[in-house]
Amino acid sequence: MKRPVKIIVVGGNAAGPAAAAKAKRYNPNAEVLLFEAGEFISTGTCEIPYVLSGEIDDYRKIVFYSPSSFQEEKGVKVFVKHFVQEIDTKKKQIIVKDLIEDKILEHNYDRLILATGSIAKSLPGFDTQLKNIFTLKNINDLIRLDEYAKANQVKTSIIIGSGYIGLEAAEALVKMNIQVKVIERENRPLPDAEKEFSDEILKILNQNKVEFIGGVKEVEPVISGDKLIAVRIGDKCIETDFVLISVGFEPDTFLAQAAKLETGKSGAIKVDQYLKTSDRFIYAAGDNVEVVNAVTGKPDYIPLATYAYELGHIAGENAAGGNVKCEPIVKNIAVKIFDSFFTLVGLTSDEARKYGFEFEESFAKVRNLVSVMPGSEFVIGKVLADKSSKRILGASFLGSREVSGYADLISALIKLKVPASTLSKLNYNYTPPLSPFINLLSILGKK
C-alpha cells in the first residue's frame with residue numbers, strides 16, 4: 001500500500017489536471033489539491049479560434065470539467081479563483097489568496113507540482129486593459145473578444161503577429177465577416193517556417209482577402225480615451241475597430257523564480273528527466289518547463305498542449321511515488337490556414353544551422369491523389385537530413401489533411417534515428433479516393 005502524501009498542484013489547464021488526476025490514480029491514499037487563479041479548469045486552448053469563428057457553437061463545450069465534476073470523478077479537491085502568491089520552500093508551504101473571500105490561506109505540502117503554463121507576450125504601449133486590445137490565450141480572452149465584437153458590430157481588425165495563433169485568428173475573424181490586416185515584424189507570414197512555405201501561406205492569405213503587412217519593426221497604438229482608434233506604422237496611421245496581439249508565448253515562472261528554482265536559457269523551469277526541479281520536493285510540467293529536444297539532445301522550449309498533458313501525467317505519477325522518465329521530445333506542430341493545413345516536425349533549416357548541423361534538403365510538390373480523382377490537390381513537402389549520419393532532422397508539409405499523417409510518420413522516424421532514404425523504401429498504401437499512386441514521402445526519400 002502506498003503511503004499517504006499531500007500533493008498540491010498549481011495550475012488548472014492542460015498539465016495541472018493531468019498531473020492531479022494521475023497522482024490520485026497512482027496513489028489513491030494521496031490527498032491531492034489543485035489551485036487555479038481563474039474560474040475555469042481543464043479547458044481546450046487549441047480549440048479557442050474555432051469557438052470564435054462559430055465552428056464550435058458554445059465555449060462551454062471546451063470546458064471539459066467543472067471543479068465539482070473533476071472532484072467527483074478524479075477525487076481531487078479543486079479551488080478556482082485561488083491565486084498562489086508564494087512558495088515557502090523551507091516550510092514546504094504555499095501562500096494562497098482566495099479571490100472569492102478576499103483572504104489569505106496557507107497550505108502545507110509533501111510534494112508540489114507547478115503547472116503554471118505560459119502567458120501571452122505583450123507589446124509596449126498596447127495595454128490589454130483598454131476596451132479593444134485583446135490577446136487570445138484562454139477562455140476569458142475568448143469571451144471578452146467575442147462579446148466586444150458582437151456588441152460593437154466591428155468591421156475591421158488588426159492582428160499583430162503572424163504565428164500559429166495569429167493565422168488561426170485571421171481565419172476566425174474572416175468567418176465573422178470582419179476585415180483583417182496582419183502586421184508582422186518579419187517580411188513573411190509564419191516566419192519560423194521554411195521560406196517556401198511562408199510564400200505559399202502568403203498566397204493563401206491574399207486569396208482570402210487578408211492583407212499582410214510585413215517588415216514592420218515598430219508599431220505604435222493611437223489611443224483616444226479608453227480605446228485604441230488606430231495603429232501607427234512610421235508616418236502611416238491605420239484605423240481599426242480592435243487589435244489582437246499575437247506575438248507568442250513565454251513561460252509563466254513568477255512562482256518558480258520567487259522560490260529561487262533554477263531556470264534555463266529560455267526562461268522556462270529546469271527539470272530533470274523525472275520532471276523534478278532544483279528543489280527535490282517540487283515538480284513542474286507543461287508550458288512552464290524546458291524539455292530535451294530529441295533532434296539536438298539539448299534543452300528546448302516547446303509549449304504545446306499535447307506535450308503539456310503528457311508531462312502532467314509524468315509529474316503526477318512521480319510526485320505520488322512513481323519513477324517515470326520523460327523522453328526527449330520531437331517538435332510536431334499542425335495548424336489550419338483557411339482550406340489548407342501546415343505541419344512542421346523536428347528542426348527547420350534555420351534551426352539546423354543554429355545548432356551546427358550540416359544538412360541536405362529534399363523538396364517536392366505533387367498531387368495528393370491521382371489527377372483524375374475529384375479533390376486532387378497539390379501538396380508540398382520538404383525534408384532535411386544530416387549530411388554525415390543521413391538521419392532525418394526535420395520536415396514541413398502544406399496541403400490537405402494528409403499532411404498530419406506525413407508529420408507523424410516523420411516524427412516516428414526522427415525518434416528512431418533512421419536515414420532519410422528509408423522514406424523511399426517504405427510500403428505505402430494506394431486507393432484512388434484516399435492516397436496517391438506514388439507517395440510524396442517516397443519522392444522526398446528518393447531525392
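For the reader, a short list of remarks on this structure follows.
- Cβ-derived FRET efficiency at R0 51 Å, residue 360 paired with residue 105, nearest 0.05: 0.30
- Cα centroid separation - segment 420-447 against segment 44-113, whole Å: 46 Å
- Trypsin sites (Lys or Arg not before Pro) within segment 280-364, DSSP loop, no more than 13 other Cβ atoms inside 10 Å: 280, 325
- Derived scalar couplings ³J(HN,Hα) [segment 356-365; Karplus, 6.51 cos²θ - 1.76 cosθ + 1.60; whole Hz; x for Gly, Pro]: x, 7, 9, 9, 10, 10, 10, 10, 8, 10
- Taking all protein chains as shown and a probe of 1.4 angstrom, residue 186 keeps an accessible surface of around 80 Å².
- Along its first, second and third principal axes, ordered by size, segment 245-383 spans 62, 36, 33 Å in Cα coordinates.
- At least 24 Å along the helix axis (C-alpha) and Kyte average at least 1.6, DSSP helices within the chain: none
- Here the gap between residue 6 and residue 72, fully extended at 0.36 nm per residue and compared with their Cα-Cα distance, gives a gain of 21.9 nm.
- Cα→Cβ-extended label distance, 7 Å offset, between residue 175 and residue 156, nm: 2.5 nm
- Selected from 5, 253, 419, residue furthest toward positive end of dipole (the chain; charges at beta carbon): 419
- Cα-based reach from residue 336 at 14 Å (exclusive), listing aspartates and glutamates while leaving out same-chain residues under 8 positions away: 47, 55, 168, 171, 200, 402
- Relative compactness, the chain, computed as alpha-carbon Rg over 2.2 N^0.38 Å: 1.04
- Each Lys and Arg adds +1 at its Cβ and each Asp and Glu adds -1 at its Cβ; summed about the Cα centre, the chain shows a dipole of about 1240 debye.
- Dipole size of segment 4-93 about its Cα centre, with +1 on Lys/Arg Cβ and -1 on Asp/Glu Cβ: approximately 600 debye, rounded to the nearest 20.
- Calculated accessible area for segment 6-87 comes out at 42 Å² per residue, all protein chains present (probe 1.4 Å; ligands, DNA, RNA ignored).
- Label-point separation, residue 81 to residue 333 (7 Å along Cα→Cβ), nm: 3.6 nm
- All lysines inside 19 Å of residue 415 as judged from Cα atoms, apart from same-chain residues fewer than 8 positions distant: 298, 325, 331, 382, 387, 390, 425
- Among 42, 266, 224, residue whose mean-square fluctuation peaks in a GNM of the chain (springs only between Cα atoms under 10 Å): 224
- Adding -39500 (n - 2.57) for every DSSP H run of four residues or longer, then dividing by how many residues the chain holds, sets the calculated 222 nm ellipticity at -7500 deg cm²/dmol.
- Debye, to nearest 20: dipole size of segment 252-394, +1 on Lys, Arg Cβ, -1 on Asp, Glu Cβ: 280 debye
- Amide H contacts for residue 42 (H built 1.01 Å from N in the peptide plane; partners 5 or more residues away or on another chain; cut-off under 5 Å): 13.
The values are calculated or read from the model by the stated rules, or taken from the named source; none is laboratory data. These numbers were taken from a predicted model, which means no experiment stands behind them. Note that each Cβ is placed from the backbone with ideal geometry, even for glycine, and that neighbours are counted across all protein chains shown. Protein only, heavy atoms only, side chains kept; ligands, DNA and RNA dropped before computing areas. Shrake-Rupley method; radii C 1.70, N 1.55, O 1.52, S 1.80 Å.
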